[in-house]
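A quick write-up on the structure given underneath.
The values are calculated or read from the model by the stated rules, or taken from the named source; none is laboratory data. Please read all numbers here as calculations on a predicted model, not as lab measurements. No Cβ is skipped: glycine too gets one built from the backbone with ideal geometry, and neighbour counts run over all protein chains shown. We work out accessible area using only protein heavy atoms, side chains counted, and drop any ligands, DNA or RNA first. Shrake-Rupley method; radii C 1.70, N 1.55, O 1.52, S 1.80 Å.
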Amino acid sequence: MALPAWLQPRYRKNTYLFIYYLIQFCGHSWIFTNMTVRFFSFGEDSMVDTFYAIGLVMRLCQSISLLELLHICLGIEPNHLLPRFLQLTERIIILFVVITSQEEVQEKYVVCVLFIFWNLLDMVRYTYSMLSVIGISYAVLTWLSQTLWMPIYPLCVLAEAFAIYQSLPYFESFGTYSTKLPFDLSIYFPYVLKIYLMMLFIGMYYTYSHLYSERRDVLRVCPMKKKKM
């Protein structure tokens, strides 16, 4: 006897993914709308306290996004683990380690720029993923989701690198995360950030290459699906 549709594993998986993508879309849409309204209301002054106004929701959305690594490992979401891992760790390190730990960095314009780039990419990505789960496909949205990252992702990495650069004097002054270890060893965190700064661009090259290959494959298949319909 066949199970009802709502009890089938595929149905449950798609329902879960749809709810997850919807939650993320609503969160990032709220952030982007809030930033837009604040900018038109207060002008450049709104950029200084961007983190204080929306930092909590941004951190919540980025924390929830770590579930995507679990989705990939469990086979719930069809994606490659390493590129997604690199993208998520970039944001987690910049948001939680660099920005959240230094109040002086939170007031920099680069935080507002980063949040705009991140939310633009995520609003389009989660909209595309949410509709794909329920079998809805629009050629324009597909093209946008596979193309928007091409100019914005490198700009994101440059903004992340600039945020690290601006944070270095504060990590040096306050000694945040720097610690002494046994046997006269010590961890000087600004050196760790400088090493990560180099790794950031290496990771960008790998991720960009992967996303470009994925874009080529998706856009190659998209016209075929359109003809069948």
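The helices (runs of 4 or more DSSP H) located wholly in the range 109-199 that include 1 or more residues which are open to solvent by 30 Å² or more (accessible area, probe 1.4 Å) and among the β-branched types (Val, Ile, Thr) occupy 109-133, 139-147. Within the range 122-130, at least one residue is at pLDDT 95 or above and within 22 Å of residue 105 (Cβ to Cβ). In the range 37-49, the residues that are assigned to a helix (DSSP H, G or I) reach residues that are of a type in the set (Phe, Trp, Tyr) with C-beta atoms within less than 7 angstrom, at least six apart or across chains, in these pairs: 46/39; 47/109. As a summary of the residue check, residue 95 satisfies the conditions (1) at pLDDT 95 or above; (2) closer than 25 Å to residue 212 by Cα except for the one numbered (2). For the range 51-95, the set of residues classified as assigned to a loop (DSSP other than H, G, I, E, B) and either of a type in the set (A, V, I, L, M) or buried (at least 16 other Cβ atoms within 10 Å of the Cβ) (or both) consists of 65, 66, 76, 77, listed by residue number.
Taking (1) without any contact (Cβ under 8 Å) to a residue 24 or more places away in the chain; (2) touching a Phe, Trp or Tyr at 6+ places or on another chain (Cβ under 7 Å) in turn, residue 74 satisfies each apart from (2). Residues of the range 136-185 that are under 24 Å from residue 89 (Cα atoms) and hydroxyl-bearing (Ser, Thr, Tyr): 145, 147, 153, 165, 167, 170, 176, 177, 178, 179.
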